[in-house]
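What follows is a short report on a single structure.
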Amino acid sequence: MTPVSTPVITPAPVTEEIRGVWIAFYEYKKAGLKNKSEAVFRKNADKLFKRIKENGCNAVFFHVRAFDDAIWPSENFKFSSYMGKKTPNYDPLAILVESAHKYGLKFHAWMNPYRITQKKIYDPAKRSTTSRIALAVREVIDNYPVDGIHFDDYFYPGSGHKQYKKYASLSNKQKKANVNKMVKTIYGKIKAQNPNLLFGISPAGNVEYCESLGADVKTWMKGPGYLDYIAPQIYWSNSYRVGGKTVRMFDNRFVKWKRLNKAGIPMYIGLALYRGGMRDASDRGWRKSKTIIANQINKIRKSEKTYGYILFSYESLYKKTCRYEVKNMLAQIAKIKVRKVKTDGVTRFKTTVWPARLGQTVMWNSSNPAVVSITNKGRIRVKQNGIVKLTVKKAGRKVSLKINTEDL
């Protein structure tokens, strides 16, 4: 039998910034997605994605397989107990993808490849393990118009895991070889099905720790054939304490990931919004500052090889301790659009504030009210001929317009 070669697709140039958010399995219930009728599920899914859109996001990374289970009707995988006691008489994943797309959000199906329970994983060395992962991927990409398949940072178990000793005798090289076979296989199957469907992984932000789990991030970023993008979880501030000294941990690891990205694989940065306001003896920045996420987004936007961010996680957008981080994050990405409208001979300037969660109330002022005055609703009044500058402000942003009264 002639072996079938794995398709290798060079990742397409990124044309749009990714502003994503993870929605984890334990967030289903609060989002109103557990044990619901189809009508209620649809209503709550719409509410969920509408709120995400209002926070300036354009992509969701939704947990569809957390523990060798499924949030879609399947003959091969048990239905997720976090979404319901049994498979409902409707298809939750179909509704979720449809609703996300309705709000202009890309839908990436997030899967844990190896995890069975919190204490048990499938053996990454076994072909049957890769086959089972591939089966779950195939069920999703064959039946749902998802925009991508997304794996997270759980590979071989770490030192605190119940099964750590079982695999402790394996070298990092062996672990990486086993995981690489799986990653390359899944990549090939996805590309054979649809070359435009994205496959990405979000590894831990500590490269050495990644490698100890078998995540061969250096190889994945050396060339095509493994991933379409990588999203390292750089979950630190720049006030991290090590040996009595303060270390700029976010900056250091951000620079390291970019340096290792030899092939220029599109990179999105996982950001720890959930840590906003958190007391942490080691990472003191989260308690001291309210602008960490905003500053990190600013650095991502100014950097080459990085094309966006993914926030962990949805609940943090509305968590009380994170409210200042969220407020400053929204201000960081804010935009104001202005257009002139004329109704019944009355001219006004209509504004649209983005993200919508900031609200649409703005403040206008005129450089010379004696010539033209303007209300905060954008209604203008020409008092005499001349040229003025009208400025609208919101969330630290402003847009100015030079106006000649003869053009009004």
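The values are calculated or read from the model by the stated rules, or taken from the named source; none is laboratory data. Every value quoted in this text rests on a predicted model; they were computed, and no experiment measured them. Ideal geometry is used to build each Cβ from the backbone, glycine not excepted, and the neighbour counts take in all protein chains shown.
Worth pointing out:
- Residue list for the stretch 60-114, restricted to those being assigned to a loop (DSSP other than H, G, I, E, B) and hydroxyl-bearing (Ser, Thr, Tyr): Ser74, Ser80, Ser81, Tyr82, Thr87, Tyr90, Tyr103, Tyr114
- Test: residue in the stretch 259-280 that is touching a residue at least 12 places away in the same chain (Cβ under 8 Å), out of contact with any Phe, Trp or Tyr (no Cβ under 8 Å at 6 or more places or on another chain), surrounded by 18 or more Cβ atoms within 10 Å (Cβ to Cβ) and part of a loop (DSSP other than H, G, I, E, B): yes
- Hits in the stretch 174-200 (condition: basic (Lys, Arg) and either without any contact (Cβ under 8 Å) to a residue 24 or more places away in the chain or more than 24 Å from Ala59 (Cα to Cα) (or both)): Lys175, Lys176, Lys181, Lys184
Conditions tested, residue by residue: (1) in the same structural domain as Thr391 (by TED's automatic domain parsing); (2) closer than 30 Å to Ser237 by Cβ; (3) of a type in the set (A, V, I, L, M, F, W, C).
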| position | (1), (2), (3) |
| --- | --- |
| Leu317 | no, yes, yes |
| Arg323 | no, yes, no |
| Val326 | no, yes, yes |
| Met329 | no, yes, yes |
| Phe349 | yes, no, yes |
| Thr352 | yes, no, no |
| Arg357 | yes, yes, no |
| Met363 | yes, no, yes |
| Ala370 | yes, no, yes |
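- Scanning the stretch 34-50 for residues that are over 22 Å from Ser81 (Cβ atoms) and buried (at least 18 other Cβ atoms within 10 Å of the Cβ) yields one hit, Phe49.
- Checking each residue in the stretch 281-299 for being among the aliphatic types (A, V, I, L, M) and in a helix (DSSP H, G or I) picks out Ile292, Ile293, Ala294, Ile297.
- Tabulated pairs, the stretch 55-75, first more than 23 Å from Thr129 (Cβ to Cβ), second modelled with pLDDT under 95, C-beta under 9 angstrom, 6+ apart or interchain: Asn58/Glu16
- Some residue of the stretch 318-325 being farther than 25 Å from Gly200 by Cα, crowded, with 21+ Cβ neighbours inside 10 Å and either small (Gly, Ala, Ser) or in contact (Cβ under 8 Å) with a residue 40 or more places away in the chain (or both): yes
- Thr343 farther than 26 Å from Glu27 by Cα and either within 18 Å of the chain's Cα centre (by Cα) or not aliphatic (A, V, I, L, M) (or both): yes
Condition check ((1) buried (at least 19 other Cβ atoms within 10 Å of the Cβ); (2) under 29 Å from Lys256 (Cβ atoms); (3) polar (S, T, N, Q)) across all residues:
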| site | (1), (2), (3) |
| --- | --- |
| Tyr309 | yes, yes, no |
| Ile333 | yes, yes, no |
| Thr347 | no, no, yes |
| Arg357 | no, no, no |
| Val382 | no, no, no |
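- The residues of the stretch 323-348 that are among the β-branched types (Val, Ile, Thr) and farther than 30 Å from Ile297 by Cα, listed by number, are Val341, Thr343, Val346, Thr347.
- Test: residue in the stretch 90-99 that is free of Cβ contacts under 8 Å to residues at least 12 places away in the same chain, farther than 22 Å from Asp153 by Cα and under 21 Å from the mean Cα position of the chain (by Cα): yes
- Neighbours by Cβ (under 6 Å, 6+ apart or cross-chain): first from the stretch 159-173, under 15 Å from Tyr122 (Cβ atoms); second at pLDDT 95 or above: Lys162/Lys119; Gln163/Pro157; Tyr167/Tyr156
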